[in-house]
Amino acid sequence: MRLRFAPSPTGYLHVGGARTALFNWLLARRGGGTFVLRIEDTDRDRSRPEHVEAILSGLAWLGIDWDEGPYFQAACVERHRADALRLLADGRAYRDFTPREEFERARDAVVAAGGGAVTRLSRELATRVPPAEQERRAVAGDPFAVRFLVPDGETSWRDLVHGDTRFANAEIDDFVILRSDGTPTYNLAVVSDDADTAITHVLRGDDHISNTPKQILLYEALGHPVPAFGHLPMILGPDGKRLSKRHGARAVDAFEAEGVLPDAMANFLALLGWSPGTDEELMSRDELIERFSLERVLKKGSVFDPSKLFWMNGQYIARMAPEELTAALREALGRDGIATDDIALDEEAFARMAAALAPRSRTFTEMARLSRPYIGPIRDYDPKATRKNWYRDPAATAGVLSAVRDRLAATQWEPNALETQLRALAGEPGVGAGKVFQPLRVALTGVAASPGIFDVLLILGRKRSVARVERALDEIAARS
Ligand code: GLU
């Protein structure tokens, strides 16, 4: 199998493109095939080198590697042109000198006269110019487009996803293959390139279905073997409409920046339009390669649900090895401008914090944010947390917190001793667990939600824990 991904560098690598790339890659890797990358940069006005860069780096981030390329379509324009001229020479295409306005006038006249097919109108107009005159005008340098002469009949293929698919040729315009400025059109360029790289399977978004009959006709006319085609179902937004910017459908590198892991992203993308046939969701890259098959590509569109991506990412985070976890957290902190030197925790405390935050974090960006009160000072106390946990009864809270402070200062600093001390305090008459642990949590972290309180104490260490309780006591005294 020879497969390809052929993005146009007119934008960044978005979710749909990444999904197409992934499915091609999985199929190539599964069957020992070859995966070719081709950049379709013939749209000079809209193609940008920075988009090429972003597409390449997005693929690299996702772990999608290619065996050949990247080929650049714009570098092959001479071959495209030669193919178009060969079709012209073989009588499979014709010259069209009709000016655009004249064509539009004729078309409007047909429509005004009650409709009727206009798909052969360009042919009718073009063939009014006798062959000898066509020759003469071409030699004289008159501009003309080259149109493909669509044969009668029907064009069909067994789509790898949708099954038997057919189009009546009468509905297909004699499409332009070479514009009057000499530039080849999209359908011709794609066929010329796919044939040149001996692509056997074309797997792409189903927005290309209507191009497929034209491309098949071109393969046949050029005498190339026709590859197999498969069209992947649309990706939909939560409202059931085609996924677009409106849905916050971002480029893949935005998810990277948010701390999504490449394996989680690949896993999530694989399930956008494919199912393993069971309700399993978490699958490693190797499992995906082993299990992916076109038979299980769904025909109907699948909904892009970012909350599912973030859930999945959380599952990947929760399964990471300690060293991977700390490295990824340091990286995410680095993106926030926080270097290792700025972190007030030693290796061990940092690792304990990362492990404690992992089950509470859906991304490393979120983990970095949650780690703020541990790696540095508390900047602000969450007012809702203090209102609820300190200021309902400031005197009682201060009493409990000073008892906590004394015990923290005196106890042995290890989990069992800490737990015994604090649980004993919580067990005293009139105190209760809620009255100890929540005010203490706010004192230690500034917020009402955190990992287990004993973990928090061990992360911060005795000195910083005691100092934070004292600062809380000062705050409460100042407000009372
Ligand atoms: N360049 C086209 C696109 O980005 C893909 C062409 C193809 O896969 O045949 O939509």
Work out Dmax and Rg for the chain from the C-alpha atoms and quote the Rg first, both in angstrom.
-> 32.5, 110
Just order 166-175, 75-84 by mean Cβ neighbour count inside 10 Å, highest at the front, would you?
-> 75-84, 166-175
Can you list, largest first and rounded to whole Å, the semi-axes you get for the range 100-145 by taking the square root of 5 times each eigenvalue of its Cα gyration tensor?
-> 26, 10, 7
When every alpha-carbon pair in the range 346-480 is counted, what percent end up more than 27 Å apart?
-> 15
Express the Stokes-Einstein translational diffusion coefficient of the range 93-195 in µm² s⁻¹, to the nearest whole number, given a Kirkwood radius over alpha-carbon pairs, 4 °C and a viscosity of 1.567 mPa s.
-> 84
Dipole of the range 68-157, positive end: most advanced residue of F72, W157, G91 [Cβ charges, Cα centre] | G91
Averaging sequence separations of C-alpha pairs under 8 Å and six or more residues apart, then dividing by the length of the range 333-480, give the relative contact order as a whole percent.
-> 29
Along the range 470-478, what does the Karplus equation 6.51 cos²θ - 1.76 cosθ + 1.60 (θ = phi - 60°) give for ³J(HN,Hα), rounded to whole Hz, x for Gly and Pro?
-> 5, 5, 4, 4, 4, 4, 5, 4, 5
Shape category assigned to the range 236-301 from the gyration tensor of Cα positions, a/c cut at 1.5 = oblate
Lys/Arg +1, Asp/Glu -1 at C-beta; the chain dipole; positive extreme among A251, S450, P394 | P394
The range 128-179 - convex hull of the alpha-carbon atoms, volume per residue in Å³ | 106
In angstroms, what radius of gyration and Dmax does the range 136-253 have, counting Cα atoms only?
-> 17.4, 59
In deg cm²/dmol, rounded to 500, what helix-only [θ] at 222 nm does the chain give when every DSSP H run of at least 4 residues adds -39500 (n - 2.57) and the total is split over its residues?
-> -15500 deg cm²/dmol
Would you mind calculating the relative contact order of the chain from Cα pairs under 8 angstrom and at least 6 residues apart, reporting the percent as a whole number?
-> 12
Cα-derived Rg to Rh of the range 256-336, Kirkwood definition = 1.03
Quick one: dipole size for the chain, taken about the Cα centre, charges +1 on Lys/Arg Cβ and -1 on Asp/Glu Cβ, in debye to the nearest 20.
-> 1440
tail above 14 Å in the computed P(r) of the range 330-409, as % of all Cα-Cα pairs, reads 71
So what's the gap between the Cα centers of the range 157-176 and the range 217-289, to the nearest angstrom?
-> 23
Using the eigenvalues of the Cα gyration tensor, what equivalent ellipsoid semi-axes result for the range 1-159 when each is taken as the square root of five times the eigenvalue, whole Å, largest first?
-> 40, 19, 18
Please compute the net charge surrounding I39, taking Lys and Arg as +1 and Asp and Glu as -1 over other residues with Cβ under 12 Å from its Cβ.
-> -2
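Every number here is computed from the coordinates shown, using simple stated rules; none is lab data. Because the structure is predicted, anything quoted here is derived from the model rather than measured. Every residue, glycine as well, gets a Cβ built from its backbone with ideal geometry; the counts of neighbours run over all protein chains shown.
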